1. With angles folded into 0 to 90 degrees, how steeply does helix 14-25 sit against the dominant principal axis of the chain? Use alpha carbons for both and round to 10.
2. Could you tell me the relative contact order of region 178-232? Use alpha-carbon pairs under 8 Å, at least six residues apart, and round to a whole percent.
3. Taking GluC sites (Glu not before Pro) as candidate sites, keep only those in a DSSP loop with at most 14 other Cβ atoms within 10 Å, then name the longest stretch of the chain containing none of them.
4. What full-extension length gain, to one decimal in nm, is calculated for Asp227 and Gln204 as 0.36 nm per residue of separation minus the Cα-Cα distance?
5. Just for region 132-316, what percent of DSSP beta bridges are antiparallel, to the closest 5?
6. If the limit is 26 Å between Cα atoms, which of Lys221/Lys319; Lys5/Lys210; Lys186/Lys221 go over it?
7. May I ask for the angle, rounded to the nearest 10°, between helix 210-222 and the longest principal axis of the chain, with both axes built from Cα atoms and the value confined to 0 to 90°?
8. Just for the chain, what percent of DSSP beta bridges are antiparallel, to the closest 5?
Amino acid sequence: MRRAKIAVVGATGMVGRAFLRVLEEYGMQQYSYTLFASAKSAGEKLRFLGRDFEVRELREDSFSEGFDIALFSAGASVSERFAPIAAGSGAVVIDNSSRWRMDPEVPLVVPEVNPGDIELSRGIIANPNCSTIQAVVALAPLQREYGIERIVYTTFQAVSGAGRGGWEDLEAGVRDHLSGGHTPPKKFSQGIFGNCIPQIDLFQPDGYTKEEHKLMDETRKILHAPDMAITATAVRVPVFNSHSEAINVELKKDFSLEDIRRLLAESPGIELLDQPENGVYPLAREATGQDLVLVGRLRRDPSRENSLDMWVCADNIRKGAAANAVQIAEIILKNLREAGRA
Ligand SMILES: NC(=O)c1ccc[n+]([C@@H]2O[C@H](COP(=O)([O-])OP(=O)(O)OC[C@H]3O[C@@H](n4cnc5c(N)ncnc54)[C@H](OP(=O)(O)O)[C@@H]3O)[C@@H](O)[C@H]2O)c1
């Protein structure tokens with residue numbers, strides 16, 4: 001049997017390194033791997049599967065040796081240029097950037113929610129935005145059982161969501177706070193230490209940011225609900241890792257909280273942590289390092305019919321990026337095996 005070949009593009013980045021950790025943890029050592037990054041990192045060694053892998057510069061001919069899967073996490077411009085080349089050479093691209101997510105030809109997939117959409121791929125599959133992934137894992141069971149009328153998102157997003165630069169800005173802020181320094185922010189528009197910044201990505205003419213549009217548009221695409229009413233406020237907070245979200249959701253039918261708790265607890269990819277009287281609710285630090293979406297603080301919204309509030313945390317680098325993509329890859333590899341192609 002031929003060994004499937006996997007390319008990891010952007011292997012030296014925050015998400016790329018998480019890809020390597022998740023691939024190891026998921027026991028995917030039977031495949032053959034090649035790691036790519038920019039020219040700057042060419043020749044660098046990354047420890048993976050117990051040995052040192054040399055990072056290669058990504059070039060137009062990088063995919064000519066033939067890969068089955070290419071995991072991309074090197075930003076939208078790299079995906080724009082290289083994903084079609086990789087797909088054209090026969091690889092299935094699983095892309096973490098925003099470049100292809102809203103392309104009608106490209107499925108946008110969360111395995112717990114719409115795994116069937118993988119079949120529609122013509123070579124590129126998009127991994128949703130981190131804040132969208134954890135939200136739809138929690139919302140999909142409600143959509144299936146009750147139907148969703150409207151969603152109000154407020155997100156509290158960790159600095160790791162902005163890559164290495166975001167992490168370094170918070171570290172510099174902590175150091176400055178202790179030493180009296182004044183390091184100018186590199187990644188964010190304002191100092192992130194001691195601030196909650198109500199801006200993630202650029203403002204659009206309608207007053208929303210791009211991140212807020214991603215949340216709204218991607219939720220509609222993944223849930224196959226093009227007209228769903230959604231609004232969002234996305235906030236960057238001084239937390240190193242894992243996003244938290246307050247989600248208010250209006251359902252199409254009445255519900256009992258007990259039924260909703262049971263439904264969420266039984267749904268794939270979710271851990272229900274909902275005993276506030278004992279101090280049990282989802283927390284970013286608890287979410288970090290694992291792939292479950294933590295859901296809690298469930299309560300009925302008395303201001304609106306058939307509505308409830310919940311608090312949702314997940315590791316944005318793992319389930320919000322690398323783990324979701326690797327879970328998609330697992331499904332594709334299983335399909336290849338069943339077709340006798342790997
Ligand atoms: N962080 C998150 O929570 C998150 C979640 C979901 C999706 N994403 C998406 O994942 C992508 C990567 O994010 P990140 O947080 O990992 O960023 P990052 O830490 O800044 O890493 C960027 C990676 O891209 C590589 N790269 C840059 N330019 C390249 C080029 N011209 N050719 C080849 N490789 C190049 C870098 O290689 P060098 O080291 O050589 O520069 C590095 O490996 C982005 O599209 C981001 O939107 C991030």
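1. Relative to the chain, helix 14-25 is tipped by roughly 80 degrees.
2. Values: 28 pairs, mean separation 10.4, N = 55.
Contact order relative to length: 19 percent.
3. Formally, the longest exposed-site-free interval is 106-304.
4. Numbers: separation 23, 0.36 × 23 = 8.28 nm, distance 2.04 nm.
Value of the extension gain: 6.2 nm.
5. Working: 24 of 35 bridges.
Of those bridges, close to 70 percent are antiparallel.
6. On the way: Lys221/Lys319 19 Å; Lys5/Lys210 35 Å; Lys186/Lys221 33 Å.
From Lys221/Lys319; Lys5/Lys210; Lys186/Lys221, over 26 Å: Lys5/Lys210; Lys186/Lys221.
7. With rounding to tens, the tilt is 90 degrees.
8. On the way: 28 of 58 bridges.
The antiparallel fraction comes to roughly 50 percent.
The values are calculated or read from the model by the stated rules, or taken from the named source; none is laboratory data. It should be emphasised that the depicted structure is a prediction, and the values quoted were computed from it without experimental measurement. Note that each Cβ is placed from the backbone with ideal geometry, even for glycine, and that neighbours are counted across all protein chains shown. All accessible areas refer to the heavy atoms of the entire protein, side chains included, with ligands and DNA or RNA removed. Shrake-Rupley method; radii C 1.70, N 1.55, O 1.52, S 1.80 Å.
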